[in-house]
1. Given the criterion closer than 22 Å to Gly41 by Cβ and in contact with a Leu (Cβ under 6 Å, 6 or more places away or on another chain), identify the matching residue among Leu242, Leu275, Leu251.
2. Quick check, is Ala182 in the same structural domain as Val140 (by TED's automatic domain parsing), surrounded by 14 or more Cβ atoms within 10 Å (Cβ to Cβ) and modelled with pLDDT under 90?
3. So how many residues does the range 156-165 have that are surrounded by 17 or more Cβ atoms within 10 Å (Cβ to Cβ) and in a loop (DSSP other than H, G, I, E, B)?
4. Listed residues Leu188, Leu198, Leu169; which is under 24 Å from Arg244 (Cβ atoms) and either in the same structural domain as Asp286 (by TED's automatic domain parsing) or at pLDDT 75 or above (or both)?
5. Which ones in the range 241-275 are surrounded by 16 or more Cβ atoms within 10 Å (Cβ to Cβ) and among the β-branched types (Val, Ile, Thr)?
6. Going through Ala144, Ala127 one at a time, which residue ends up being at pLDDT below 90, closer than 24 Å to Ser217 by Cα and either surrounded by 16 or more Cβ atoms within 10 Å (Cβ to Cβ) or not aromatic (Phe, Trp, Tyr) (or both)?
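The values are calculated or read from the model by the stated rules, or taken from the named source; none is laboratory data. On a predicted model such as this, the values are computed, not experimentally measured, just so you know. Positions of Cβ are generated from backbone atoms using ideal geometry, with glycine treated the same way; all protein chains shown enter the neighbour counts.
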Amino acid sequence: MRTALEFPSLRVQAGGHPTWTVHRSGSRALPVDARSLGTDGVDASVSARLYRSRAAWHLVYDDTGCFDIDTAGDEIVWRAPESVSEEAARLDLIGRVLAMAMHAAGDVCFHASAVAVDGEAIAFLGAKGFGKSTLAWALVRAGARLLTDDTLRVQLDATPLAYPGVHELRLRSDAATRLPPAPREARLAGGRMVVDTLALTQLQADPVPFGALYLLSPVNELPGGAAARVSALPAVPAALSLVRHAKIAPLLAGADAVALLDRVVDLVRRIPVRLLEVSRDFDRLDDVVTDVLSQHADRMHVSAS
């Protein structure tokens, strides 16, 4: 990404052609042909509203202004108000704005945590507080590479590819203290412990094919005292579940909503989607990691055979 908005936490890379270019401009009215598509709540006091005109999508935030995304998804113009928090704008850009740009380019973007194991992506989707980040961090501690902990871009090539996102984890304080060794440089932000100083050997910098998508479901107790239970999801419930976790699903309507559903249906036809029920017990987390890695190892063995 080449951007006029500074991102201190991202690594600078010389050369290469950017996937996205972000320009900054002054505030102005929406085009006269812009029509409203949908609204999504950012927090208790801020909403995002999506509009579509002939030339672009327009994602308007109550606090940070309007982001115009062209129809190809590679050019973004941030029409910033005079007084604006650049920190809030950075969060908006790497969240819904880039997700909308990915949609424009034909990709699917999920709110998910994901790691790479043996050159394949394992992704976890679920509601806030279900343990996506905690499980991803536990897998990284077990030797996996962090792919993303928020925005998961999926490119629907002949082989669906999972792309890396921002390489940082946001852990609840209980998870950060119960999963040693906690990185010394971890910082507190928004009530979460932000881990953004992982070693390069713990990061997945290139896109990888998918191994599986897991829908997390924490439970108080599983039959036989098991730490985790994995079950395959049929195509229809899998697709409906994944759509709910698409980053911009609440904002889309009409043809754009249909396009999202079509892409998700295509995805579930080609990669395993599983329900992962996990015990709400930190003491069983290593067992959950073992079960997940075992599932992946079994699948790799079947593929090789």
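1. Of the residues listed, the single one that is closer than 22 Å to Gly41 by Cβ and in contact with a Leu (Cβ under 6 Å, 6 or more places away or on another chain) is Leu251.
2. Taking the combined requirement at face value, the residue satisfies it.
3. So the count comes out to 3.
4. Criteria check complete, one pass: Leu169.
5. Matches in the range 241-275: Val243, Ile248, Val264, Val265, Val268, Ile271, Val273.
6. Ala127
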